[in-house]
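Since the structure comes first, as structure tokens, the remarks are kept for the end.
The values are calculated or read from the model by the stated rules, or taken from the named source; none is laboratory data. No experiment lies behind these values; they were computed from the predicted model shown. Here Cβ is always computed from backbone atoms with ideal geometry, including for glycine, and neighbour counts include all displayed protein chains. These accessible areas exclude ligands, DNA and RNA; they are computed on the full protein's heavy atoms, side chains included. Shrake-Rupley method; radii C 1.70, N 1.55, O 1.52, S 1.80 Å.
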Amino acid sequence: MYCVCKEHVELAIDKFVDDYEDAPDIVDLKTTTFSEWTKPDTCDLCERAAEYLVV
């Protein structure tokens, strides 16, 4: 699972496919909330705001 900014979505997809050999789901964190999980403030790969969940 990767929480990433818009610029790193493609890289996160590539990493996910390499790790799990399957296509990920992409969740827009601006429009989706989870009751049991709080999104991180920053991208896993840089300091920008996390906008997408690749899972």
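Numbers at a glance
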| item | result |
| --- | --- |
| Percent accessible area from carbon and sulfur atoms, the chain, protein chains only, probe 1.4 Å | 47 |
| Between 0 and 90°, nearest 10: helix 9-20 axis offset from the chain longest Cα axis | 60 |
| Leu29 long-range amide H proximity, modeled H, under 5 Å | Tyr52, Leu53 |
| Lys, Arg +1 and Asp, Glu -1 on Cβ, resulting dipole of the chain about Cα centre, debye, nearest 20 | 300 |
| Ratio Rg/Rh, restricted to the chain and using Cα atoms, in which Rh is the Kirkwood radius | 0.96 |
| Asp41-Met1 pseudo-label distance in nm [points 7 Å out on the Cα-to-Cβ vector] | 2.0 |
| Surface per residue (accessible, 1.4 Å probe) for segment 1-44, Å² | 77 |
| Loop-resident sites, the chain, for chymotrypsin sites (Phe, Trp or Tyr not before Pro), counting at most 14 other Cβ within 10 Å (DSSP) | Phe34, Trp37 |
